[in-house]
């Protein structure tokens, strides 16, 4: 019997499945079933005849994400320290749009009527100032039960320093039968507003994830191990995901970054910018030897301090709609045509020009080759919706289409700058790994604008997130707030790390990770005394070395440092990583002199300065390109899940794992070397 490993990414339109069996990868797509995402998973696995031998299923779930975006979580309550029930509404007193007089704050997930107080108080060192009053706890629980609350977030002041009061409140709440999310279990870290927001998010989606994963576990074979992708790029057991559901809020985009890093390593590339362009949004992340993380994320406007891959998202994708603002300037996005009706070229009733329609007008999308020929694009409808844009611009239809693409590219380019140039990193040292349905359409033009000399297109860009789930390590993050000067911190750091390591080893042991496959990583959140933000620095046991690394990191990130200023240790962090044995991509011999034969040629428009220029462009089928095949642009490469556009002055080569390596020609390379990415 041959065991099967499966990675599954549930999206809004399609559910992507990647199977690894007998050294080979198989990919499959089925329509998603939003009412019950598990239905599409089971149907897809059944169509692949994979249920019988399924050993491990790693799943990226959008259940938590969609519940927050659509505000369809469970009825949630909050228990907090007396006097602090309004923390969720007070927030940080910052305005999302500084000069907008009509800006509206995001309403809290728990209204004031379901926010209960208990009488108790600790100081910042965890010392008891006011003992927990049991009568106030009983009154709070009674109020939540009368409100028919299903889940409760428990967040008491300074519980990260002493969790005893919070544990008692959580225990009493669980005895009522309600789902409980306690901050001392989910996020024992300082910053009251962000901690409260994170724990409320966990309670808000927890019962939904619990029920969903329970149904999925029941439907899978008993011997199948179900694992869930986290926002931090690692997987956890379904049992842990049901308890800490907020860790899955960005599992899909995180898996894409992991998959991009995996594919790049197979091509011996370690520095990448991952570009995931879908129908509505573009997700970008950066890998500089290792994947970049953050603990300052937001989901639908709600802060979360749980570690997640640092992904920047903008509302620009294939379905983004072109429109004119009040000043008469052409804009693209963030509003999208979505899947229904979709772009006008889909023929489903769309009436507004989108990025996809612009590509059709320019000849970059082949009407008869879209989705492997299973869907025909209507060129005439695309021309009809782009024409009013052209008339208002007093330009040709081709110029208008190029303008739409340029503006969409500018939005995507800005997102890439946020995670590279604005953080002191030069994009000229990176390779752009493009995936998603629209990533390969825009990759080369974005690379050219940012002076990135190389683009990598994976063999199956449309299902890369599912592949990322298959190769993700088992990962668990732990944190404790200590608040101590670094010169006085050695004993505190040592004892805290020892406690966290014991917890990490025990948790991963329960997940089946053996000691031989376990790696423990230490880090510290450091800041100058008086600052309100920290930088996370790897810690190898030497506080002086950590301080020096902090000074250097501060210089890189903010442009200055002060070695004479005192450094404070804010948080101690530990990452317990269970190393998986990822599938090994099949490598094929490079065929010297392999010839790439186009199937047809067609007229395609590319810009030359500000003017559109028509080229007779060869069209290649991706499946026919053998390792070693090489050709120059302009060219179009079609496959089932995407279309790759190779502009003039770029050349293509197929490597041993089937990835397309697209590089700028030497003449253009000279301009890039002397160019400025900023």
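Among the residues making up the range 585-620, those that are touching a residue at least 24 places away in the same chain (Cβ under 8 Å), outside any loop (DSSP other than H, G, I, E, B) and surrounded by 14 or more Cβ atoms within 10 Å (Cβ to Cβ) are 602, 604, 605, 606, 607, 612, 615, 617, 619, 620. Screening residue 109 against (1) over 24 Å from residue 483 (Cβ atoms); (2) surrounded by 14 or more Cβ atoms within 10 Å (Cβ to Cβ); (3) over 28 Å from the mean Cα position of the chain (by Cα) leaves a single unmet condition, (3).
Within the range 275-293, the set of residues being closer than 25 Å to residue 534 by Cα and either under 17 Å from the mean Cα position of the chain (by Cα) or crowded, with 24+ Cβ neighbours inside 10 Å (or both) comprises 283, 284, 285, 286, 287, 288, 290, 291, 292, 293. Taking each residue of the range 497-518 that is outside the structural domain of residue 55 (by TED's automatic domain parsing) and looking for partners that are loosely packed, with under 15 Cβ neighbours inside 10 Å and assigned to a loop (DSSP other than H, G, I, E, B) with beta-carbon atoms closer than 6 Å, six or more apart or interchain, yields 517/579. In the range 163-246, counting only strands (runs of 3 or more DSSP E) that sit wholly within it, the ones holding 1 or more residues that are free of Cβ contacts under 8 Å to residues at least 60 places away in the same chain, touching a helix residue (DSSP H, G or I) at 6+ places or on another chain (Cβ under 6 Å) and surrounded by 19 or more Cβ atoms within 10 Å (Cβ to Cβ) span 179-182. With the structure loaded, tell me whether residue 563 is closer than 19 Å to residue 305 by Cα and without any contact (Cβ under 8 Å) to a residue 24 or more places away in the chain or whether it fails that test. Against the criterion (closer than 19 Å to residue 305 by Cα and without any contact (Cβ under 8 Å) to a residue 24 or more places away in the chain), residue 563 does not qualify.
Among the residues of the range 621-631, the one identified as crowded, with 18+ Cβ neighbours inside 10 Å and either in contact with a helix residue (DSSP H, G or I) (Cβ under 6 Å, 6 or more places away or on another chain) or part of a strand (DSSP E or B) (or both) is 631. Somewhere in the range 563-578, is a residue surrounded by 14 or more Cβ atoms within 10 Å (Cβ to Cβ) and assigned to a helix (DSSP H, G or I)? Taking every residue of the range 563-578 in turn, none turns out to be surrounded by 14 or more Cβ atoms within 10 Å (Cβ to Cβ) and assigned to a helix (DSSP H, G or I). Identification of strands (runs of 3 or more DSSP E) wholly contained in the range 272-362 with 1 or more residues that are modelled with pLDDT under 85 and closer than 28 Å to residue 636 by Cα yields 312-314, 330-336. Please tell me if residue 648 is assigned to a loop (DSSP other than H, G, I, E, B) and touching a helix residue (DSSP H, G or I) at 6+ places or on another chain (Cβ under 6 Å). Spelling it out, it is not the case that residue 648 is assigned to a loop (DSSP other than H, G, I, E, B) and touching a helix residue (DSSP H, G or I) at 6+ places or on another chain (Cβ under 6 Å).
Would you be able to say whether some residue in the range 252-269 is under 29 Å from residue 156 (Cβ atoms), buried (at least 24 other Cβ atoms within 10 Å of the Cβ) and not assigned by TED's automatic domain parsing to the domain that holds residue 166?
Checked against the condition, which is being under 29 Å from residue 156 (Cβ atoms), buried (at least 24 other Cβ atoms within 10 Å of the Cβ) and not assigned by TED's automatic domain parsing to the domain that holds residue 166, the range 252-269 yields no hits at all.
Among the residues examined, residue 485 qualifies as touching a residue at least 60 places away in the same chain (Cβ under 8 Å), surrounded by fewer than 17 Cβ atoms within 10 Å (Cβ to Cβ) and over 30 Å from the mean Cα position of the chain (by Cα).
Take residues that are within 21 Å of residue 150 (Cα to Cα), outside the structural domain of residue 238 (by TED's automatic domain parsing) and in contact with a strand residue (DSSP E or B) (Cβ under 7 Å, 6 or more places away or on another chain) and tell me which of the strands (runs of 3 or more DSSP E) falling wholly in the range 31-127 contain 3 or more.
76-81, 115-118
For the range 294-308, which positions are crowded, with 21+ Cβ neighbours inside 10 Å and farther than 22 Å from residue 71 by Cα? Result: 295, 307. Screening 525, 516, 491 for residues that are buried (at least 21 other Cβ atoms within 10 Å of the Cβ) and not in a loop (DSSP other than H, G, I, E, B) leaves exactly one candidate, 525.
The values are calculated or read from the model by the stated rules, or taken from the named source; none is laboratory data. Predicted model only: the values in this text are computed from it and were never measured. Methodologically, a virtual Cβ is constructed for each residue, glycine included, from the backbone with ideal geometry; neighbour enumeration extends over all protein chains shown.
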